[in-house]
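The values are calculated or read from the model by the stated rules, or taken from the named source; none is laboratory data. Just so it is clear, the structure is predicted and the values come from calculations on it, not from any experiment. Positions of Cβ are backbone-derived with ideal geometry, glycine not excepted, and every protein chain shown enters the neighbour counts.
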Amino acid sequence: MPLIWIILAVLALGAAGYVLGRKRAVSSAGGDIRILHSLPNYYGMNVFLTAVVPALLVLVVWLLVQPAVIQRQVTQLIPDNDIMESGELSLIMSDVRRVADGLDRALEQGALSREEARMIRSEFTNIRETLASIGVALGDDVNADVLAAAQRYRTLQTTGNTLMTAAVLILAALGLGYAYSRTHKDFRARNTVERAVLSILILASTIAILTTVGIVLSMVLETRDFFHLYPAREFFFGTEWIPSFEGGSHLGLLPLLWGTLYITFIALLVAVPVGLFSAIYLAEYAGRRMRGIAKPMIEVLAGIPTIVYGLFALITVGPMLRDYFAEPLGFGTSSSSVMTAGIVMGIMLIPFVSSLSDDIINAVPQSLRDGSYGLGATQSETVKQVILPAALPGIVGAILLAASRAIGETMIVVMGAGAAATLSLNPFEAMTTVTVKIVGQLTGDTDFSSPEALVAFALGLTLFAITLGLNILALFIVRKYREQYE
Amino acid sequence: MDDMNDMRLVERAVDDKELKIAADGVDVFYGDTHAIKAVDVNILDKTVTAFIGPSGCGKSTFLRCLNRMNDTIDVCRVTGNILLDGEDIYHPKVDPVQLRAKVGMVFQKPNPFPKSIYDNVSYGPRIHGLARNKSELDEIVEKSLRRAALWDEVKDRLTAPGTGLSGGQQQRLCIARAVATSPEVLLMDEPCSALDPIATAQVEELIDELRERFSVVIVTHSMQQAARVSQKTAFFHLGELVEFGDTSQIFTNPKDPRTESYITGRIG
């Protein structure tokens, strides 16, 4: 029975359970729903959930476990010298699966009868040709061991599927019967449904957390491989970045980290004052009409794709900085520079800082403003001495969020600051960042067992650690100072 | 008989006081709403004047006209004359910021800044440059806290945040903060409505002491409070000033039937 039919059958059972449960509840109260502990729908929902949820859970677990079990059983059939020949067990197993699927497909299309499919022998039939005629391409001729394994695979698969269908449907029916038998006017169906809702919410948040854990784990595993091939000390303290796929690379983190921090610093130097001041203007001074126009205009900046900012950096800001500042002042002749990327990234971050700060400033209670005005303070005195201190934790949080965004930015850096990994103080020199190098190491033909490719994961993990640290710092600051005003 | 004589003495004392604020034909509009209609009130120096009346009658709005706090509301428009010491406070030459230093305000809900107790009190004096050095500032802070009857409770923790005090202490801190700029008039907008009875009693006692130096105007919902702390009472109803006179007269012998109805609890 195909999977979709099993699911539909379970849902149909559940729906029937809903109707039955609801009816039984109403009749147990003699038709007067005021006597029921819960509304009739809750009784229906309870039966539906008890029928559907355990059955579908078992289905999911079964689908996850069955392939692993079958794989283990089939693997035993394959002799060791076959494995030696083709080099990898996984290659043979994929052949086995293809043959098994091919036989099934041949059966479906009528190219083979059930009996023929069961009795087929590699000695008498050219299985490769037979399967090719129905559109299943095999890389190699099929030998007896693989065929035997494939046949075993087929039988196990069929039994497994039958058992699964039976188990799931029986479980759904049992759940329905159990919940139906418990349905009575005193049964607290509302509370049961409440618990089901709670577990859905918990499940959702668990998925989010597990995804993060999964991402970190995969990064950690790859990074461990990298550190087997390349000494950690040289990675963290190396001052040279010269990757070469022929070997003998220098993969030092410091030039990349320096570029990242330098560009982020300049970006914040642009974004924080501009963003904060515009937020103060919008929140405290601007009239309603001005605010209605200016706020969406600023937020449009947030909607511009970073590649467009990159073009702006490449074509406008870079050459301008070179012609009017770098060359006349003797700082160099490069149009891609830390300054270019930093300024353009700063512009990109303005809406982050201004929009978040604006919300935070608006959240400062009006009573504090009244108190300050009532003492004869001017508007700017009030902003400087009352509102900003009260809003400070939130503003710091906004700035740190903007910083993590800047650290993770790639496109603007590629187009604005170039790809040369240099350690320099000159802001008009081309530099590059961690993210750019991650992209650089993983694009094109890469050999995932070389340190030159694996270094990308170490870089990614380092970046993740830095931004995570910043976010934790932001959370800490916000939490520590949050209760300053009610 | 003795009581009657005392009463007359108090009244005569009030009559001797000089005029502080004279409001003449004041109208206030919120957009299209006519919130205050042709109100005339004379507020005397070193006197507590109470504004009473049912909710929404405009007494708080009128109070906020006296230090131009309504300027911060866009749609609010004030017409008529309000003279402070004979000068029109709505004259274009008058800077509302300077005016608010002279006419301090205490709000309904205690609103200490999220700063230390010391910084809360020294906020006004610092802004207006009232102290030449740190020791003068210390002196102003101590004096103001003493006037607000809070000094003994907080003198050992002046650096603690003002928001950490209890509700009554917070309100007295706000009074100290207002007193610290040495205003001439102190406006209080239902200063006890968020306080428990004990804190209320403390603040009322304080208001009575403040009368020695300032002219105090208090908006209150509690008629008992008005009777306890004020010498003059103004009764507002639906944006009109119904009756204004000595507190003893308003509460014992109101001239207008609406005042009588409100005081005896028939409207409110």
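Computed quantities for the displayed model
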read-out: Residue tally, condition in a helix (DSSP H, G or I), surrounded by fewer than 19 Cβ atoms within 10 Å (Cβ to Cβ) and within 14 Å of chain B (Cβ to nearest Cβ), over region A:349-366; value: 2
read-out: Answer from A:Ala458, A:Ala465 - the residue that is away from chain B (no Cβ under 14 Å), surrounded by fewer than 17 Cβ atoms within 10 Å (Cβ to Cβ), modelled with pLDDT of 90 or more and under 18 Å from A:Leu257 (Cβ atoms); value: A:Ala465
read-out: Hits in region B:87-102 (condition: within 9 Å of chain A (Cβ to nearest Cβ) and in contact with a Leu (Cβ under 9 Å, 6 or more places away or on another chain)); value: B:Leu99, B:Arg100, B:Ala101, B:Lys102
read-out: Unique residue being more than 7 Å from chain A (Cβ to nearest Cβ), in a helix (DSSP H, G or I) and buried (at least 20 other Cβ atoms within 10 Å of the Cβ) when the list is B:Ser135, B:Ser144; value: B:Ser144
read-out: Evaluation of A:Val386 against (1) at pLDDT below 90; (2) within 14 Å of chain B (Cβ to nearest Cβ) (one fails), failing number; value: (1)
read-out: Options B:Thr33, B:Thr47: the member that is at pLDDT 85 or above and buried (at least 16 other Cβ atoms within 10 Å of the Cβ); value: B:Thr47
read-out: Filter result for the condition that a residue is within 12 Å of another protein chain (Cβ to nearest Cβ) and either of a type in the set (Val, Ile, Thr) or out of contact with any Lys or Arg (no Cβ under 9 Å at 6 or more places or on another chain) (or both), over B:Leu187, B:Leu173; value: B:Leu173
read-out: Residue, surrounded by the most Cβ atoms within 10 Å (Cβ to Cβ), within region B:177-194, restricted to residues that are under 13 Å from the mean Cα position of the chain (by Cα) and among the aliphatic types (A, V, I, L, M); value: B:Leu187
read-out: Residue in region B:110-119 that is assigned to a helix (DSSP H, G or I) and within 13 Å of chain A (Cβ to nearest Cβ) present; value: yes
read-out: Yes/no for A:Ser450 being surrounded by fewer than 21 Cβ atoms within 10 Å (Cβ to Cβ) and free of Cβ contacts under 8 Å to residues at least 60 places away in the same chain; value: no
read-out: Test: residue in region A:327-346 that is farther than 12 Å from A:Ala406 by Cβ, among the acidic types (Asp, Glu) and touching a Lys or Arg at 6+ places or on another chain (Cβ under 8 Å); value: no
read-out: Top-ranked residue in region B:85-114 [being hydrophobic (A, V, I, L, M, F, W, C) and more than 23 Å from B:Ala176 (Cβ to Cβ); ranked as nearest to the chain's Cα centre (by Cα)]; value: B:Ile89
read-out: Condition broken by B:Thr163, with the remaining ones in (1) touching a Phe, Trp or Tyr at 6+ places or on another chain (Cβ under 8 Å); (2) within 12 Å of another protein chain (Cβ to nearest Cβ); (3) under 23 Å from B:Ser230 (Cα atoms) satisfied; value: (3)
read-out: Breaking point among (1) surrounded by fewer than 16 Cβ atoms within 10 Å (Cβ to Cβ); (2) more than 14 Å from every other protein chain (Cβ to nearest Cβ), for A:Thr435; value: (1)
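Conditions tested, residue by residue: (1) farther than 17 Å from B:Asp24 by Cα; (2) out of contact with any helix residue (DSSP H, G or I) (no Cβ under 6 Å at 6 or more places or on another chain).
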| position | (1), (2) |
| --- | --- |
| B:Phe51 | no, no |
| B:Lys59 | no, yes |
| B:Val75 | yes, yes |
| B:Val78 | no, no |
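A quick yes/no check of all residues on (1) among the hydroxyl-bearing types (Ser, Thr, Tyr); (2) at pLDDT 90 or above; (3) over 30 Å from A:Gln379 (Cα atoms):
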residue	(1), (2), (3)
A:Phe226	no, yes, yes
A:Gly238	no, no, yes
A:Ile242	no, no, yes
A:Ala271	no, yes, no
A:Tyr281	yes, yes, no
A:Tyr285	yes, yes, no
A:Ala302	no, no, no
